[in-house]
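Here the structure is laid out as structure tokens; the discussion comes afterwards.
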Amino acid sequence: MCVSQTGKRALVTGITGQDGSYLAEQLLQKGYEVYGLVRRLSTPSTHNIDGIADRIQLLDGDLHDQASLDRAVKVAEPDEVYNLAAQSFVGVSFSQPVVTGEVTGLGVVRLLEAVRSHGDGARYYQAASSEMFGKVVESPQTEKTKFYPRSPYGVAKVYAYWACINYRESYGMFISNGILYNHESPRRGIEFLTRKVSDGVARIKLGLLDKLRLGTLDTQRDWGYAPEYTDLMWRVLQHTKPDDFIGATGASHSVREFVEMAFRAVGISEWETHVVLDPKFARPAEVDRLCGDPTKAKEVLGWTPTTSFEQLVETMVKADLARYAGLRHRNADAGSL
């Protein structure tokens with residue numbers, strides 16, 4: 001265990017995910033003692049934190065289980081709690097709405113209760129989502145824009161958002177919401193659209209796949225680079241008072257643009273021949289366009305995203321190309337034994 005140079009301790013739920021792993025690395029660099037909440041699975045998925053596994057302490061816990069959350073907070077004795085755990089796949093939330101509500105919604109209340117009862121004044125960050133805006137009533141969206149969620153995931157996130165505000169106002173707790181727009185990286189789960197595209201394009205380039213199947217090319221999102229957004233999470237809890245902030249680039253791009261740019265990164269210009277629109281990937285209710293206004297985060301926290309859309313797409317595609325190249329090399333070595 002790395003000894004904290006700041007004297008601060010952080011508890012990160014969802015530490016094995018994209019955001020949790022980047023945040024944990026950044027906190028370690030700042031001298032924090034880092035604890036991570038992980039669900040006990042038959043097949044653990046910890047590859048995102050393999051590089052820091054000897055420097056963090058993992059605690060078993062589940063947002064379904066109040067006792068495990070109480071225990072985790074007692075053991076970690078955190079100065080800061082970052083709740084990044086959720087059933088976070090929007091598409092799955094339509095087929096599993098009750099589970100999504102239990103974890104992404106009520107799970108937040110359970111964690112808030114654990115922090116309120118055992119956290120001794122810990123600051124709490126809640127991972128809110130641009131999906132809360134859903135069928136947007138104005139663009140770009142600000143912290144004052146009304147919510148209109150279009151999925152069970154979005155609904156659960158709205159519940160969690162207001163629960164955090166209620167606990168902040170009722171109990172005087174330091175609780176802040178980060179309303180973050182889509183942020184991606186090579187660590188993004190393979191089931192998410194952007195990673196599905198980067199992985200698929202890499203396989204097509206290498207002759208491992210012929211067609212990339214998608215539900216739509218028309219929806220637009222405000223896409224940023226994940227490590228910059230986890231930096232924002234930390235900044236939110238360093239502010240002098242609890243508050244809610246949007247994290248976004250202020251520019252939106254279509255899925256079509258993402259796909260075209262991904263194919264361009266591997267030198268394929270006639271990308272349309274490799275893309276098939278498949279109705280089974282369409283959602284019952286779609287969010288057509290999201291674009292956030294990050295002015296408040298810039299002015300209050302000094303946060304500005306610097307990675308361009310083009311750089312983001314290229315980074316993801318090249319990482320997947322390198323991964324498959326590495327797999328081929330290892331397979332070839334194994335075959336030569």
Going by the conditions given, is L106 surrounded by fewer than 17 Cβ atoms within 10 Å (Cβ to Cβ), modelled with pLDDT of 95 or more and farther than 21 Å from E191 by Cβ? yes
Which residues, counting only those in segment 177-188, are in contact with an Asp or Glu (Cβ under 6 Å, 6 or more places away or on another chain) and either in a helix (DSSP H, G or I) or over 26 Å from A282 (Cβ atoms) (or both)? N177
Output for segment 115-149, where each listed residue is touching a residue at least 60 places away in the same chain (Cβ under 8 Å) and farther than 26 Å from V81 by Cα: G134, K135, V136, S139, P140, Q141
Out of curiosity, is E191 part of a loop (DSSP other than H, G, I, E, B), charged (D, E, K, R) and within 24 Å of Q311 (Cα to Cα)? yes
Restricting attention to segment 282-324, which residues are in a helix (DSSP H, G or I) and without any contact (Cβ under 8 Å) to a residue 40 or more places away in the chain? K298, E299, A322
Within segment 225-241, identify whether any single residue is surrounded by fewer than 20 Cβ atoms within 10 Å (Cβ to Cβ) and touching a strand residue (DSSP E or B) at 6+ places or on another chain (Cβ under 6 Å), and answer yes or no. no
Matching residues in segment 251-281 - criterion: being buried (at least 17 other Cβ atoms within 10 Å of the Cβ) and either assigned to a loop (DSSP other than H, G, I, E, B) or among the hydroxyl-bearing types (S, T, Y) (or both): S252, V266
Here are the criteria: (1) surrounded by 18 or more Cβ atoms within 10 Å (Cβ to Cβ); (2) at negative phi; (3) not aliphatic (A, V, I, L, M). Tell me which single one E138 does not satisfy. (1)
Which residue is farthest from R40 (Cα to Cα), if the candidates are limited to segment 68-92 and must be of a type outside the set (D, E), buried (at least 18 other Cβ atoms within 10 Å of the Cβ) and without any contact (Cβ under 8 Å) to a residue 60 or more places away in the chain? L69
Any idea which of (1) small (G, A, S); (2) surrounded by fewer than 22 Cβ atoms within 10 Å (Cβ to Cβ); (3) under 20 Å from the mean Cα position of the chain (by Cα) is the one A128 doesn't satisfy? (2)
For Y171, are the conditions met, namely being within 24 Å of E286 (Cβ to Cβ), assigned by TED's automatic domain parsing to the domain that holds E77, aromatic (F, W, Y) and surrounded by fewer than 23 Cβ atoms within 10 Å (Cβ to Cβ)? no
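The values are calculated or read from the model by the stated rules, or taken from the named source; none is laboratory data. It should be emphasised that the depicted structure is a prediction, and the values quoted were computed from it without experimental measurement. Note: ideal-geometry Cβ built from the backbone for every residue, glycine included; neighbour counts use all protein chains shown.
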